[in-house]
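Laboratory data are not the source of any read-out in this text; all were calculated from the coordinates shown. On a predicted model such as this, the values are computed, not experimentally measured, just so you know. Because the Cβ atoms are built from the backbone with ideal geometry, glycine has one as well, and the counts that use them run over all protein chains shown.
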Amino acid sequence: MGILQLGDQVSFNGRVKPYKKGYQGRRKGIQREIQIDYKIDRPTQVKLIVSVHNFERDQFLSENWKMCNQIYEMYKSDYQLRGIPLPYPEY
């Protein structure tokens, strides 16, 4: 399928699973409300059904560390604003 672009539409099957959302630590002075939220679990049969662009899609790199750095580069400005460094700078 490759890397999705804004406007692409996908279809998939999956299970809806509840999870606890919010701070669950024990630090004093931090009080955050725990809420139940929902996520999609075990997605299968993922298919691209509407493609906005008619061109060869970029693919994720095959090695995990390269893929992590590739994703970082896609969202670099956001990660840098939040002080998150490049995962594998030595490569």
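Key figures for this structure:
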read-out	value
Sorted by Cβ density within 10 Å, fewest first, the residues Ser11, Ser77	Ser77, Ser11
Length-normalised contact order for the chain - Cα pairs under 8 Å, 6+ apart - percent	32 percent
The chain: angle of helix 64-74 to the longest principal axis, Cα-based, in degrees nearest 10	90 degrees
GNM top mover of Gln45, Gln59, Gln80 - the chain, alpha-carbon springs below 10 Å	Gln80
Where Rh is the Kirkwood radius over Cα pairs, Rg/Rh for the chain	1.06
Dipole magnitude (debye, nearest 20) for the chain, charges at Cβ of Lys, Arg, Asp, Glu	780 debye
Hz values of 3J(HN,Hα) by residue in the stretch 35-40 - Karplus curve (6.51, -1.76, 1.60), Gly and Pro given as x	10, 8, 10, 10, 9, 8
Residues with amide H under 5 Å from that of Lys21, placed H, sequence gap 5 or more	Gln35, Ile36, Asp37
GluC sites (Glu not before Pro) restricted to the chain and DSSP loop, no more than 16 other C-beta within 10 Å	Glu33, Glu56, Glu63, Glu90
